[in-house]
Amino acid sequence: MMDGIPGVAHGGDLEAARQLFPKAPAPFLDLSTGINPHGYPVPPLGAEVFARLPEPAALARLEALAAERYGAPSAAHVVAAPGTQILLPLVAGLVPPGEARILGPTYAEHRRAAELAGHAVGEVGAVEGLEGAGLAVLVNPNNPDGRLVERRVLLDLTAGLLVVDEAFIEVMPPGASLAGAVGRGGLVVLRSFGKFHGLAGVRLGFALAEPKVVERLRARLGPWAVSGPAIAAGMKALGDTVWAEAMRGRLAAEAARLDALLGRHGLEVIGGTALFRLARGPEGVFAGLGRQGVLVRRFEGRPGLLRFGLPGDEPGWERLGRALDGCSAGRGG
């Protein structure tokens, strides 16, 4: 607990935010997630994708397109799932229960998933600490600080199973992903669809691995795991590389704008990606923003650290600026 206010377990929980700040003006400006505020414009979907069970052939086409987009060796190296979250305990269960090490601090669900799979979980502060683990897990780039471990360093690691969560890799420089290396075995790469495309509610994600591992995961997911609307939306968005390239440039420019805005209000940006920024400032900023209806992400046990997502429009930018002004005035700045 910080500022006398209990924390929110995950970003995007507006009901919990309303309980924390019942007098805040509505609606909240939600900057607590790393989801692209400029969602992919999915065209209207035909009624049949809602009325019929998903066709295996359609799912296979989606996985082939994902292999092409992400750089996996082939469609046989890709399995689609209803979001990467559901894959975490399934992937952790690919190796017998034993010692799992997670490069942290990072997304807390990886620890929970490994514990669900029966592992004894420890957190290490340097990538070298993953060496020799039965299950080694890292988020690359990391959430929330944006730390990026070089591809060659990860490929040199020895572990029973190396799991690399690339949820935010779409906004990183080309060549950072390990997707092309999954054919060598002992490696699972997780790719999120909803974060970069701004379509988190679709619930779509992918695991990239050698074919025998893909088939094990597919069997555990069972038939019809991915909905027809998710398959249709995924096909449209993953196939639109022109939109993706333009969006990378837009997000980079807006991240720089956010850095400048935070800096003018006395917050030090210490990391992040083009989808979110991690800043250090006085502990009272979280509560000060929340009372003004602006929700950001803070971290239990890490006082003063806040993660800011990007506002989605000019009114959002203006509202964030006014809220930061209010925090500064409250501090006598």
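The values are calculated or read from the model by the stated rules, or taken from the named source; none is laboratory data. What you see is a predicted model, and the numbers here were worked out from it, not measured in a lab. Cβ coordinates were reconstructed from backbone atoms using ideal geometry, including for glycine residues, and neighbour counts include every protein chain displayed. Note: accessible area is taken over every heavy atom of the protein model, side chains too, but ligands, DNA and RNA are not part of it. Shrake-Rupley method; radii C 1.70, N 1.55, O 1.52, S 1.80 Å.
Which angle from 0 to 90°, rounded to the nearest 10, does the C-alpha axis of helix 211-221 make with the longest principal axis of the chain? With both axes taken from Cα atoms, the answer is about 70 degrees.
Of the heavy-atom accessible surface of the chain (probe 1.4 angstrom), what whole percent is carbon and sulfur?
Details: 7970 of 14070 Å².
Carbon-and-sulfur percentage of accessible area, whole number: 57.
To the nearest ten degrees, helix 56-70 and the longest principal axis of the Cα atoms of the chain are 60 degrees apart.
Annotation: per residue accessible area for segment 263-333 equals 40 Å², rounded to a whole number [probe 1.4 Å, protein chains only].
The sum of -39500 (n - 2.57) across all DSSP H runs of n ≥ 4, divided by the residue count of the chain, sets its helix-only mean residue ellipticity at 222 nm to -10500 deg cm²/dmol.
Taking a sphere under 12 Å around the Cβ of Leu238 and counting the other residues whose Cβ falls inside, with K and R at +1 and D and E at -1, yields a net charge of 0.
Excluding same-chain neighbours fewer than eight residues apart, the lysines reachable from Lys195 by a Cα-Cα span under 18 Å are Lys236. This model, with +1 at the C-beta of Lys and Arg and -1 at the C-beta of Asp and Glu, gives the chain a dipole about its Cα centre of some 280 debye. Rounded to two decimals, the Cα-based Rg/Rh of segment 180-264, with Kirkwood Rh, is 1.09.
Here, the chain yields an orientationally averaged convex hull projection of 16.8 nm² when only Cα atoms define the hull.
Could you sort Glu268, Glu128 by accessible area so the largest value comes first, with the probe set to 1.4 Å? Before the final figure, lay out the partial values.
Details: Glu268 100, Glu128 130 Å².
Most to least solvent-accessible, the answer reads Glu128, Glu268.
Quick one: accessible area per residue over segment 65-146, 1.4 Å probe, rounded to a whole number of Å²? The partial results should precede the final answer.
Working: 2880 Å² over 82 residues.
I get 35 Å² per residue for segment 65-146.
Think of the chain as having a plus end and a minus end, set by charges on the Cβ of Lys, Arg, Asp and Glu; of Pro22, Ala237, Pro174, Pro22 sits farthest toward the positive end of this dipole. When Arg112, Arg322 are compared by accessible surface with a 1.4 Å probe, the order from highest to lowest is Arg322, Arg112. Within a straight-line Cα-Cα reach of under 19 Å, Lys212 can be paired with the following aspartates and glutamates, leaving aside sequence neighbours fewer than 8 residues apart in one chain: Glu63.
Length gained on full extension, Arg112 to Ala244, computed as 0.36 nm times the residue gap minus the Cα-Cα distance: 44.3 nm. Within the assembled protein chains, the solvent-accessible surface assigned to Leu116 is about 110 Å², based on a 1.4 Å probe.
Please give the helix 228-238 orientation as an angle from the longest Cα principal axis of the chain, in degrees from 0 to 90, rounded to the nearest 10. So the inclination is approximately 80 degrees. An oblate overall shape is assigned to segment 17-134, the ratio a/c of its alpha-carbon gyration tensor axes (a ≥ b ≥ c) being 1.5 or greater and a/b not exceeding b/c. Across segment 132-149, coupling constants 3J(HN,Hα) worked out from phi with the 6.51/-1.76/1.60 Karplus curve, θ = phi - 60°, read x, 6, x, 10, 10, 10, 8, 9, 9, x, 6, 10, x, 9, x, 4, 10, 8 Hz, and Gly and Pro carry x. In this structure, the amide hydrogen of Leu187, modeled 1.01 Å from its nitrogen in the peptide plane, lies closer than 5 angstrom to those of Leu162, Glu210, counting only residues at least 5 positions away or on a different chain.
Remark: segment 196-207, residue by residue, has Karplus-estimated 3J(HN,Hα) of 5, 7, x, 10, 4, x, 5, 6, 8, x, 9, 10 Hz, where x stands for each Gly or Pro and the curve is 6.51 cos²θ - 1.76 cosθ + 1.60 at θ = phi - 60°.
For the pair Leu14 and Ala126, what calculated FRET efficiency results from E = 1/(1 + (r/R0)^6), where r is the Cβ-Cβ distance and R0 = 51 Å, to the nearest 0.05?
Calculated value: 0.90.
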